[in-house]
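Enquirer: Got a structure for you, written out below as structure tokens; questions coming shortly.
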Number of protein chains: 2
Amino acid sequence: MESSFAIIAEPNRRAILSLLAASEHSVGEIEHQLRMPQTSVSKHLRVLRDAGFVESRVDAQRRVYRIRPEPLMEVDEWLAPFRRFWTLHVDALERHLDRMDQEPEPRKGKKR
Amino acid sequence: MESSFAIIAEPNRRAILSLLAASEHSVGEIEHQLRMPQTSVSKHLRVLRDAGFVESRVDAQRRVYRIRPEPLMEVDEWLAPFRRFWTLHVDALERHLDRMDQEPEPRKGKKR
DNA sequence: CTCTTATATGACTTGACGGGCATATGAAGC
DNA sequence: GCTTCATATGCCCGTCAAGTCATATAAGAG
């Protein structure tokens, strides 16, 4: 299962990731929230962990999973060359910047 | 072939898209640049066009393909809820970008 | 009109992945 | 200890998608 892109091609895995984006969750919580079989949840979590999208913490008999950002950052970076196609439109640019500029302090000269 | 994510899961399609991100290209140009069989290029372009990632223009016997941004915008928007994981750690982001600037592929997987 | 160039399509094969089910591991509680 | 809860794993099967090869379409060139 090579690339990060292949990992997030699976709808159930995207659902799991989106759920974990809000906060960390145990396997059982994911199972009930997303209404999918436990064995399926575990398998997808295994794939996600092997690919570095999530990590787990042990809480008694439970395993609590949370997001690891690195693989999604890769995807985000792959999108970079394409952003000019929609940041050229002003309204789309503003929506995009509104999302990006949550952080108050502009960094020193990186790209852009 | 449902989602935009499934479309970009294919490495050759990502290569085609990245090539087209720079400028529009004919099928033959893509074939030569990426060194893949023409029939394969055509099939991937068919998939990309059906999914709205590209559109084609007719130039004599050639078909010139160019990017259409909408599906990639979808992907970009799906990433939005995850961005806090790296925009909250600006320093880590900077370190990451610095590494990316120097070496093209520091691909590594580890756990904590 | 024929030949060549450029691209698309169809048939077939192969391999990978997800779902389902049974089962294994493992920690808790009694 | 045994039982229950929580999660993981192994196996089988159906599906679907990518690659290959052959062929079809369609537009110049001569």
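Enquirer: Of everything in region A:58-73 that's touching a residue at least 40 places away in the same chain (Cβ under 8 Å) and within 8 Å of DNA strand D (Cβ to nearest atom), which residue is farthest from B:Phe82 (Cα to Cα)?
Expert: A:Val64
Enquirer: So, one more: Considering (1) within 15 Å of DNA strand C (Cβ to nearest atom); (2) surrounded by fewer than 14 Cβ atoms within 10 Å (Cβ to Cβ); (3) more than 26 Å from B:Ile7 (Cβ to Cβ); (4) not hydrophobic (A, V, I, L, M, F, W, C), say which one A:Arg63 fails and leave the rest.
Expert: (2)
Enquirer: Restricting to region A:33-57, give me the number of residues that are loosely packed, with under 13 Cβ neighbours inside 10 Å and more than 9 Å from DNA strand D (Cβ to nearest atom).
Expert: Residues that pass the stated criteria total 2.
Enquirer: When you scan region B:18-32, do you find a residue that is within 10 Å of DNA strand D (Cβ to nearest atom) and more than 10 Å from chain A (Cβ to nearest Cβ), even just one?
Expert: No: region B:18-32 contains no residue that is within 10 Å of DNA strand D (Cβ to nearest atom) and more than 10 Å from chain A (Cβ to nearest Cβ).
Any read-out appearing in this document is the output of simple, stated calculations on the displayed coordinates, not a laboratory observation. What you see is a predicted model, and the numbers here were worked out from it, not measured in a lab. Cβ atoms come from the backbone with ideal geometry, glycine included; neighbour counts cover every protein chain shown.
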